[in-house]
Amino acid sequence: RQVTRVATVHAINSARAVPANVEAEAALLGALLIDNRIFEQISTIVSNMDFHEPVHARIYAAIVRHLEAGRTVTPILLKPEFEDDEALKELGGPAYLAQLTADGQGLLAPVELAEQIRDLALQRALIEAGRGLAEAAFDTSEETRPADILARHKDALEAATARSQASL
């Protein structure tokens, strides 16, 4: 006779917002568009993958691409690339690129903003890895072994660990 293990499943609180600071992302992008030299200070700290807002990730990637090609990057230079971007239209369209430079707050502490954006991205990666691990751990069927669950989720945890150590 086969015995099936039964467990009470507790919902993981997915209603909580993931850590992000979209304002910090916008301020850093604005600072870069005002003074392209800031990229030298932050290029090893943050990448486009660290931005929570997908539009911000695309804007940062475009800035980096142009800077690496030796161009001076301004909202006017980026405008043609983003005219048909539906997500950017929701934020005000290409005019949003100019809005990013409006207050210049990011110029005050670009390195700190980049570090915060990176750290929040690391926290999101840990949450994602932890959620996946927790969801898998709730599977109490006989075919599931804890060692197998750990092996399947080891890569995500190691990637977050390596990223965290590289940022120290």
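The values are calculated or read from the model by the stated rules, or taken from the named source; none is laboratory data. Since this is a predicted model, take the numbers as computed values, not measurements. Methodologically, a virtual Cβ is constructed for each residue, glycine included, from the backbone with ideal geometry; neighbour enumeration extends over all protein chains shown. Calculation scope for accessible area: heavy atoms of the full protein, side chains included, ligands and nucleic acids excluded. Shrake-Rupley method; radii C 1.70, N 1.55, O 1.52, S 1.80 Å.
Contact map, region 85-112: residues that are farther than 17 Å from Asn21 by Cβ and assigned to a loop (DSSP other than H, G, I, E, B) paired with residues that are open to solvent by less than 40 Å² (accessible area, probe 1.4 Å) and modelled with pLDDT of 95 or more, Cβ distance under 6 Å, separation 6+ or inter-chain. Pairs shown: Pro94/Phe82; Thr101/Gly30; Thr101/Leu33.
Checking each residue in region 130-147 for being assigned to a helix (DSSP H, G or I) and either loosely packed, with under 12 Cβ neighbours inside 10 Å or in contact (Cβ under 8 Å) with a residue 24 or more places away in the chain (or both) picks out Arg131, Gly132, Leu133, Ala134, Glu135, Pro146, Ala147.
Summed over region 103-129, residues that are open to solvent by 30 Å² or more (accessible area, probe 1.4 Å), at pLDDT below 95 and among the aliphatic types (A, V, I, L, M) total 3. Set side by side, the residues Thr44, Thr8 differ, and just one is over 12 Å from Gln105 (Cα atoms), at pLDDT below 95, open to solvent by 100 Å² or more (accessible area, probe 1.4 Å) and not acidic (Asp, Glu), which is Thr8.
Residues of region 117-129 that are in contact (Cβ under 8 Å) with a residue 60 or more places away in the chain and within 17 Å of Ser43 (Cα to Cα): Ile117, Arg118, Leu120, Ala121.
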